[in-house]
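As structure tokens, the structure follows; a few thoughts come after it.
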Amino acid sequence: MLDHTYRVERDKWDALAAHKELSDSKLTVKGDFHDYAAHAATMTGVNEFLGDLAGRQVLELGCGLGEISVLLAKSGACVTAFDLSPASVAFAKRRAELNQVAERVHLAAAAGEAMPFADHSFDLIFGKAILHHLDAGLGAPELYRVLKPGGRAAFVEPMGMNPFLRFARAYLPYPNKNPRGADRPLHYEDIRLWGCQFQEFHQREIQLLSMLERGLGFKRRLKGLRRLDDLLLRRVPYLRRYCRYVVLTLRK
Ligand SMILES: C[S@@+](CC[C@H](N)C(=O)[O-])C[C@H]1O[C@@H](n2cnc3c(N)ncnc32)[C@H](O)[C@@H]1O
């Protein structure tokens, strides 16, 4: 079963990486992880939780084309990053070289359900849109195993409990839409599986009305909609399940 899932995912992401433009100007990454997290629509609270990255051993799960690996390295982290797709890892290597951080970014093709790292290897772990590709029953113990005691992990992940969003993901066109594969945007029972071993575990659902930022192709936050979301989600907690994304923060 897992072999079939791996084949579907690898083929999909290898094909995507093979079609990405490799021009040097497109691969140049501006700023660092802190700048990115301060402005990106989905990274609410991540900077505050992970703190200073300089000199820390940081693991990135499911690095894809390596933009975040480079940003982490530019913030001074010693980065280890892996992805199931060998073509994505090759792309990420080239990107690290072009951005002159290759000596601080170690890349590997591997699966999140069997991480090729020793126990307690990392101070910090980060992942964007990756947990929902993994088998939580196998991946969650791995995540716990490779994090140092007291270490912190943060993830930003799509949620799958809003029927309108499920319809849009399945059938509607929108900018930069990823191809569908074996992934399953998270439900509360998946989130519990990822968090249950950790000493501390928080989830923060984000983007209810402001999910329109994505649909309309905005990369930055629309402040008015954000404020309305904050109000609605505070006053009516039940609505949180219908958000587009969740930020998970974990401490071992
Ligand atoms: C939605 S992309 C996110 C990539 C990157 N984090 C980003 O935000 O650009 C999901 C990534 O997960 C990888 N992936 C899928 N299943 C995986 C698995 N079992 N183990 C490791 N990586 C996996 C894919 O190859 C793909 O690069």
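The values are calculated or read from the model by the stated rules, or taken from the named source; none is laboratory data. Bear in mind the structure is a predicted one, so any value in this text is a computation, not a measurement. Positions of Cβ are backbone-derived with ideal geometry, glycine not excepted, and every protein chain shown enters the neighbour counts.
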Does Leu165 count as at pLDDT below 95 and touching a Ser or Thr at 6+ places or on another chain (Cβ under 8 Å)? no
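What residue, among those in the range 37-54 that are within 13 Å of the chain's Cα centre (by Cα) and in a helix (DSSP H, G or I), is farthest from Phe155 (Cα to Cα)?
Going through the qualifying residues, I end up with Ala37.
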Top-ranked residue in the range 22-49 [being within 16 Å of the ligand (Cβ to nearest atom) and over 22 Å from Ala102 (Cα atoms); ranked as modelled with the highest pLDDT]: Val46
Is there any pair linking a residue in the range 170-192 that is within 18 Å of His133 (Cβ to Cβ) and more than 15 Å from the ligand (Cβ to nearest atom) to one that is of a type outside the set (Asp, Glu) and at pLDDT 75 or above, with Cβ under 6 Å and at least six apart or on different chains, and which? His187/Gly160; His187/Met161; Ile191/Gln203
Which ones in the range 129-162 are of a type in the set (Lys, Arg) and surrounded by fewer than 17 Cβ atoms within 10 Å (Cβ to Cβ)? Arg145, Lys148
Neighbours by Cβ (under 6 Å, 6+ apart or cross-chain): first from the range 204-217, part of a strand (DSSP E or B); second modelled with pLDDT of 90 or more and of a type in the set (Val, Ile, Thr): Arg204/Val247; Glu205/Val246; Ile206/Thr44
Hits in the range 145-157 - residues which are touching a His at 6+ places or on another chain (Cβ under 6 Å) and within 11 Å of the ligand (Cβ to nearest atom): Glu157
Selection status of Glu9, of a type outside the set (Gly, Ala, Ser), more than 20 Å from Lys74 (Cα to Cα) and in a helix (DSSP H, G or I): yes
Starting from the range 133-158, keep only residues that are among the aliphatic types (A, V, I, L, M), then list their pairs with residues that are more than 16 Å from the ligand (Cβ to nearest atom) and part of a helix (DSSP H, G or I) whose Cβ atoms are within a distance under 6 Å, requiring at least 6 positions of separation or different chains. Ala154/Phe49
The condition from (1) away from the ligand (no atom under 11 Å from the Cβ); (2) under 13 Å from Phe126 (Cα atoms) that His19 misses is numbered (2)
Whether any residue in the range 163-174 is buried (at least 20 other Cβ atoms within 10 Å of the Cβ) and either in a helix (DSSP H, G or I) or not acidic (Asp, Glu) (or both) is what I want to check. yes
Search the range 64-80 for residues that are more than 21 Å from Trp13 (Cα to Cα) and in contact (Cβ under 8 Å) with a residue 12 or more places away in the chain and pair each with any residue that is within 16 Å of the ligand (Cβ to nearest atom) and polar (S, T, N, Q) when their beta-carbon atoms are under 8 Å apart and the residues are at least 6 apart or on different chains. Ala73/Asn99; Lys74/Asn99; Val79/Ser69
